[in-house]
Amino acid sequence: MEHNPKLVSSEIAALWGAYMQNSMAYCIIQHFATVNEDPDASDIIELALTNCNFVVNEVKQIFEKEKHAIPIGFTQEDVNLDVGRVYSDLFTLRYIKYMAAAGTAAAAALLEVLARRDIREFFSTTSEMFMKLYNNACDLLLKKGAFIRSPTIAPMEKAEYLQSESFLSGLIGKHRPLTAIELAHISKNSETNSIGRTFVAGFSQTAKSPEVRKYMERGVEIAAKHETVFREILVEDGVPLPSSWDSTISQSIDAPFSDKLMMFHILGLNELSVAGYGAAIGASLRKDLGGHYTRLVTEILQYGHDGVKLMIENSWLEQPPQNVDREALRNRRV
């Protein structure tokens, strides 16, 4: 007998999230494609559009086959292709590189909770597609001399075991030098804050709602503060500071994206920040670093919570698939 299992909760969650993220990214990259003036970047932008479109259409087909509601997601109503640029072409490349890396990692991580063969094959294909996009974006950024590298450290002379618990110190007194692992996490989290700061700065001047503009301005301040914390850690450790991300923003106040899309995207960047800080906490043995990350995570969580409330107030937050409310069903019979 042929076994045709229904989608389980983890598979529905993975598919729903992929649809939401890629329908949003498709709108953003459409704008980038419209204003792009860099012929070298055209193929990469086109590949990004193709990847997002593939994911959206595949998820739609799977949900239709399973008689599952298609998410509302984001449509042409959420992007205005008739307005000028807000961000530079170089920022477009860095954004695509960053989001392609996030998409690759997300698709690969999801495989652990997927059972159905067709769903596993879909996310395996998605991971491969976004990995190709990431590598293409990296190659072009390297060619342009615009790839932001992590700090450089001297080669290790020999491998050895730790002999003292002082390696874990850092709250009081002199800190030991940062490990390569700790530096990698600091660099990654600095990158996340940089791209987030640039995006919210553009959002803050183009959002239509005063409440959204105010929320974005708060986001700029938070991201800048977090970047400062990471840079101060590097300075204190005598580590050469990496180049900063291009944050060139035009003076346009015409919104290429809807307030709903901008708010959703910021919530997504918040999630990436929390995940990045959480991974850093687990990998950082210096106690002061754990303290920094814990404090910064708390601030991001509060910022994200306030954003969720703002979206709900404006009916912008789409409800994720959820389990049946048995109590509500029972009450309907009363």
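The values are calculated or read from the model by the stated rules, or taken from the named source; none is laboratory data. Source: prediction; values computed, not measured. Here Cβ is always computed from backbone atoms with ideal geometry, including for glycine, and neighbour counts include all displayed protein chains. Note: accessible area is taken over every heavy atom of the protein model, side chains too, but ligands, DNA and RNA are not part of it. Shrake-Rupley method; radii C 1.70, N 1.55, O 1.52, S 1.80 Å.
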Tell me, yes or no, whether region 16-23 has at least one residue that is under 21 Å from Phe257 (Cα atoms), open to solvent by 60 Å² or more (accessible area, probe 1.4 Å) and under 16 Å from the mean Cα position of the chain (by Cα). yes
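Every residue, every condition in (1) modelled with pLDDT of 80 or more; (2) out of contact with any strand residue (DSSP E or B) (no Cβ under 6 Å at 6 or more places or on another chain); (3) open to solvent by 20 Å² or more (accessible area, probe 1.4 Å), yes or no:
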site	(1), (2), (3)
Thr152	yes, yes, yes
Ala159	yes, yes, yes
Ile172	no, yes, yes
Pro177	yes, yes, yes
Ala180	yes, yes, yes
Leu183	yes, yes, no
Thr198	yes, yes, no
Specify the residue that is nearest to Ala33 (Cα to Cα); the eligible residues are those in region 247-263 that are among the hydrophobic types (A, V, I, L, M, F, W, C) and buried (at least 16 other Cβ atoms within 10 Å of the Cβ). Phe257
Can you tell me which condition Lys67 does not meet? The list is (1) without any contact (Cβ under 8 Å) to a residue 24 or more places away in the chain; (2) closer than 15 Å to Thr126 by Cα, and all the others hold. (2)
Given Phe91, Phe130, Phe74, which one is open to solvent by less than 40 Å² (accessible area, probe 1.4 Å), modelled with pLDDT of 95 or more, of a type outside the set (Gly, Ala, Ser) and in a helix (DSSP H, G or I)? Phe130
Complete set of residues in region 77-88 that are buried (at least 17 other Cβ atoms within 10 Å of the Cβ), under 17 Å from Asn22 (Cα atoms) and charged (D, E, K, R): Asp78
Given the criterion surrounded by 14 or more Cβ atoms within 10 Å (Cβ to Cβ), part of a loop (DSSP other than H, G, I, E, B), aliphatic (A, V, I, L, M) and touching a residue at least 60 places away in the same chain (Cβ under 8 Å), identify the matching residue among Leu7, Leu47. Leu7
Condition broken by Glu232, with the remaining ones in (1) more than 18 Å from the chain's Cα centre (by Cα); (2) open to solvent by less than 10 Å² (accessible area, probe 1.4 Å) satisfied: (2)
Within region 240-332, which helices (runs of 4 or more DSSP H) (wholly inside it) include 2 or more residues that are closer than 23 Å to Arg94 by Cα and at pLDDT 90 or above? 259-283
Would you check if there is a residue in region 203-224 being open to solvent by 10 Å² or more (accessible area, probe 1.4 Å), in contact with a helix residue (DSSP H, G or I) (Cβ under 8 Å, 6 or more places away or on another chain) and outside any helix (DSSP H, G or I)? yes
Go through region 107-130 residue by residue and tally those that are in contact (Cβ under 8 Å) with a residue 12 or more places away in the chain and either more than 12 Å from Ala18 (Cβ to Cβ) or aliphatic (A, V, I, L, M) (or both). 12
